[in-house]
Amino acid sequence: MANAQLSSNQIQFDDWNEVVEEYIERGWTDGLPIMPPTPDLVAEFLDAAGRSPSDILGTEPTKGRVITAEKVAVNSVMAGCRPEYFKIVLAAVEAMCEPQFNLHAVTASTQGSAVLAVVNGPIARDIGLNSGISVFGPGHRANATIGRAIRLVIINATGSVSGEIDKATQGHPGKYTWCIAEDEDVSPWEPLQTDRGFSSEDSTVSIFAGLSSIQVDNHAFQRPEEILVSFREAMFAGGVGWNQGEVVVVLCPEHIGHLRRAGWSKERVKEFLYEAARRKISEWRSAGRFIRDSVGAADDYLHSVVSPEAITVMVAGGHAGAFSCVIPLWSGGTGSRSVTKLIE
C-alpha cells in the first residue's frame with residue numbers, strides 16, 4: 001500500500017523523543033509515551049487487516065466525527081500494537097459505534113466508565129491474549145496495547161479528551177487500557193460468543209461500558225450456594241443498584257472448579273445470583289436510599305438486575321486464589337448495552 005493513499009497530515013521530527021514530547025503536549029496521548037505512527041507502520045497495519053485507509057468504521061453520533069480505518073491504524077501504532085492485533089481493534093471500534101452502546105454518553109459522562117473489551121475464539125490464543133494470572137493487570141502486550149488503542153481512538157478520533165468532553169468525576173484505571181480474553185479452556189460452559197449467537201470457532205470482541213470492578217473473595221466454602229451468595233452486595237453496586245439492565249460477573253478458576261464439580265450450568269448460576277441479589281424495599285429506605293413511592297410496598301423485593309439474562313457470566317483469572325469480581329456498567333446497564341462483533 002503506497003503511503004500516498006494516507007490522508008492524515010504528516011509532521012516531520014528529528015528524533016523519537018521529539019515525537020513523544022510533541023504528541024503529549026498536543027494532548028494526543030493518554031499521558032504515556034507512544035510509538036511514532038510513521039506512514040510505513042500505518043500502511044502495514046492496514047495491509048494486515050486488508051482494509052483501505054478510507055474505510056468508514058462508524059460515526060460518533062453527537063459530534064458527527066467519522067472514524068476511518070486509517071485513524072484507527074494510527075492510534076493502534078501509537079498504542080504499541082502489533083499488526084496482527086489490529087483487526088481486534090477495528091472490530092471493537094465498530095462495536096463502539098453501534099447506537100445501543102451510546103458512545104458519546106459513555107465517554108463524556110461524569111460517572112467515569114471505561115470500555116472493557118473481552119476477546120473470544122481462536123484469535124485470543126493465536127496472539128497470546130492473557131485470560132489467566134492477573135488477567136486485569138499488566139505484563140501482556142496484546143492485552144495492554146489493544147485496550148490502549150481503543151482508548152486512544154476515543155481520545156483522538158472521537159475527541160473525548162479528559163477535562164474537555166470527558167468529564168469523569170474520578171474515572172478508574174480501566175480508562176488507560178482494559179482488554180482481556182475469556183479462559184475458554186477452564187470454563188465448563190459455552191463461551192461468551194456463543195451466548196451472543198456466534199459459533200465457538202468464531203473470534204469475537206465484546207465491549208462493555210464498565211465501572212470499577214468489585215472483588216468478591218470466598219475461600220471458606222465449596223458449595224455453589226455458599227460461594228455465589230457472596231456476590232450479593234457487589235451485585236447492587238452499579239447505577240441505582242437495582243433493576244439494572246446488565247451486569248458482568250467474572251468467575252475465577254477456583255470458584256469455577258467448585259461449580260463444575262457440583263454440575264451447575266451457567267443458567268443456574270445466573271438464576272441463583274438473580275434470586276440471591278434482592279432486598280426488601282424497607283431495607284433500602286432504612287439505609288437512606290431513595291426509592292420512588294410508586295415502587296412497591298415496604299415488604300416487596302427489589303432485585304439488583306431485571307432478570308437472570310441480564311447477568312453476563314464469564315471465566316478468567318489465575319488458578320490460585322478464590323477471587324472473582326463483579327463489574328457494574330454505566331447507567332446501571334440500561335443507558336448503554338454491550339455489543340459483540342465478529343472479528344473478520
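Things worth noting here:
- Whole-number percent relative contact order across segment 25-108, with pairs defined as alpha carbons under 8 Å at least 6 apart: 31
- Rounded to two decimals, the Cα-based Rg/Rh of segment 1-146, with Kirkwood Rh, is 0.96.
- Peptides 214-221, 179-186, 336-343, ordered by how many other C-beta atoms sit within 10 Å of their residues on average, highest first, read 179-186, 336-343, 214-221.
- The ellipsoid equivalent to the alpha-carbon distribution of segment 120-164 has semi-axes of 26, 12, 7 angstrom, derived from the gyration tensor eigenvalues as √(5λ) and listed largest first.
- Pairs of Cα atoms nearer than 8 Å and 6+ residues apart set the relative contact order; for segment 1-141 it is 19 percent.
- Relative contact order, percent, the chain [alpha-carbon distance under 8 Å, six or more residues apart]: 21
- Surface accessible to a 1.4 Å probe, per residue, for the residues of segment 71-206, Å²: 35
- Measuring spread by the Cα atoms of segment 1-76 yields a radius of gyration and Dmax of 13.3, 38 Å.
- Mean-position separation - Cα centroids, segment 102-180 and segment 13-72, in angstrom: 16
- Relative intensity, log₁₀ I(q)/I(0), of segment 91-220 from a Debye sum that treats every alpha carbon as a point, q = 0.13, 0.17, 0.18 Å⁻¹: -0.56, -0.93, -1.03
- Percent of Cα-Cα distances greater than 21 Å, calculated over segment 156-287: 55
- Charge context of V216, other residues only, Cβ under 10 angstrom, K/R +1, D/E -1: -1
- Solvent-accessible area, 1.4 Å probe, carbon plus sulfur percent, for segment 1-154: 50
- Plainly put, segment 186-236 has a radius of gyration that is 1.06 times its Kirkwood radius, both from alpha-carbon atoms, as the Rg/Rh ratio.
- Listed values (i) -0.73, -0.98, -1.15; (ii) -0.61, -0.98, -1.24; (iii) -0.62, -1.05, -1.37, entry calculated as log10 I(q)/I(0) by the Debye sum over Cα atoms at q = 0.10, 0.13, 0.15 Å⁻¹: (ii)
- Shape box of segment 147-197 [Cα atoms, principal axes, largest first, Å]: 44, 21, 16
- Under the span-like rule (Cα at least 20 Å along the axis, Kyte-Doolittle mean at least 0.0), DSSP H helices of the chain: 141-156
- Over segment 44-112 - Rg/Rh using Cα atoms and the Kirkwood inverse-distance radius: 1.00
The values are calculated or read from the model by the stated rules, or taken from the named source; none is laboratory data. Predicted model, so just to flag it, every value in this text is computed and none were measured. Counting neighbours? That spans all protein chains shown, and the Cβs are built from the backbone with ideal geometry, glycine included. Keep in mind that these areas ignore ligands, DNA and RNA; they rest on the heavy atoms of the full protein, side chains included. Shrake-Rupley method; radii C 1.70, N 1.55, O 1.52, S 1.80 Å.
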